[in-house]
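Please read the structure below before turning to the comments.
Just so it is clear, none of the values below were taken in a lab; they were calculated from the coordinates. Given the structure is predicted, the values throughout are model-derived calculations rather than measurements. Methodologically, a virtual Cβ is constructed for each residue, glycine included, from the backbone with ideal geometry; neighbour enumeration extends over all protein chains shown.
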Amino acid sequence: METATFPGDLDALAPIRQFVEKAAKQAGLDKKAIYDLCLAVDEIATNVVTHGYEEAGLKGDLQIDAEITPETLVIHLQDSGVPYDPSSHLVPTPEDLDRPLEDRNVGGLGILLARAAVDELNYKHIDSFHVHEFVVRRKGHG
Amino acid sequence: MALDISSTTLGNSAHITLNGQLDSSTAPAVRELVDKLLANGPSNLVLHLENLDFMASAGLRVIIFAKQKSPDLKVYVVKPQETIVETLRKTGFYQSVYVVDESPL
């Protein structure tokens, strides 16, 4: 299992995407699935840094790991900031998405994209850490 | 994996070319540039994205920012990669911007 740790700020986003891309290639995902997974992890990492750390005046790390099983690629993103559960977050409704851009609320677009981009997005607490779990099925494997 | 940003104004159109990766760490510079360019009151904002390899929702928020600042502004997205087109579709942006293969202006 591959693991890496980055300071919990927005400069971590690019190396986190590199980490995810490498794991996704190892897992044999196709180009679109690789992009989607990078997008999902990027959006959640952005929210963790912004809401979990920066807005709360906290500092901490983002730890990421990748586990390839015969059927899936599982990415864990762990932080120690203010708990940020994406499933409790409001996302734009279809009606919201039909609105002209000048009338749009900017919130929730990242979560919407993250949820749509992976097979599962799970969230759990382990001791004082929070873990976002991204699961992508490896088509044609296992 | 950074973002190269360049811009030019032709007539009443502000053009921005983005090469690289647009995420929450690189979006503030783009938003600042959009803010500056819109101060001149252009009718069109033309985003050249052929070499933009990644765009997070931070990029969408820059487009919303532009439209909220100048509601009559027409936003063109030139040659976005398929993954970015997908993002525009999923979020309902596709019908609110003009996605084109060639710079219209």
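Largest mean-square fluctuation among A:V82, A:V20, A:V41, in a Gaussian network model of chain A whose springs join Cα atoms under 10 Å apart, belongs to A:V82.
Across peptide B:23-29, the mean count of Cβ atoms from other chains lying within 10 Å of each residue's own Cβ comes to 5.
Of A:Y84, B:Y94, A:Y53, the sequence from fewest to most neighbouring Cβ atoms within 10 angstrom is B:Y94, A:Y84, A:Y53. Applying the criteria of a DSSP loop state and at most 13 other Cβ atoms within 10 Å to the trypsin sites (Lys or Arg not before Pro) of segment A:83-142 yields A:K139.
Note on B:D23, A:D11, A:D61: ascending count of other Cβ atoms within 10 Å places them as A:D11, A:D61, B:D23, the fewest first. Sequentially through segment A:76-91, phi angles give Karplus couplings (6.51, -1.76, 1.60; θ = phi - 60°) of 10, 10, 10, 9, 10, x, 5, x, 9, 9, x, 6, 8, 8, 6, 10 Hz, Gly and Pro residues having no value and appearing as x. Look at where the Cα atoms of segment A:52-99 and of segment B:7-39 average out, and the two centres are 28 Å apart.
By the beta-carbon count within 10 Å of each Cβ, the least crowded to most crowded order of A:F134, A:F19, A:F6, fewest first, is A:F6, A:F19, A:F134.
Per residue of B:53-65, other chain Cβ atoms within 10 Å of the residue Cβ number 5 on average.
Helical content alone sets the calculated 222 nm signal of chain A at -9500 deg cm²/dmol, taking -39,500 (n - 2.57) per DSSP H segment of four or more residues and averaging over every residue.
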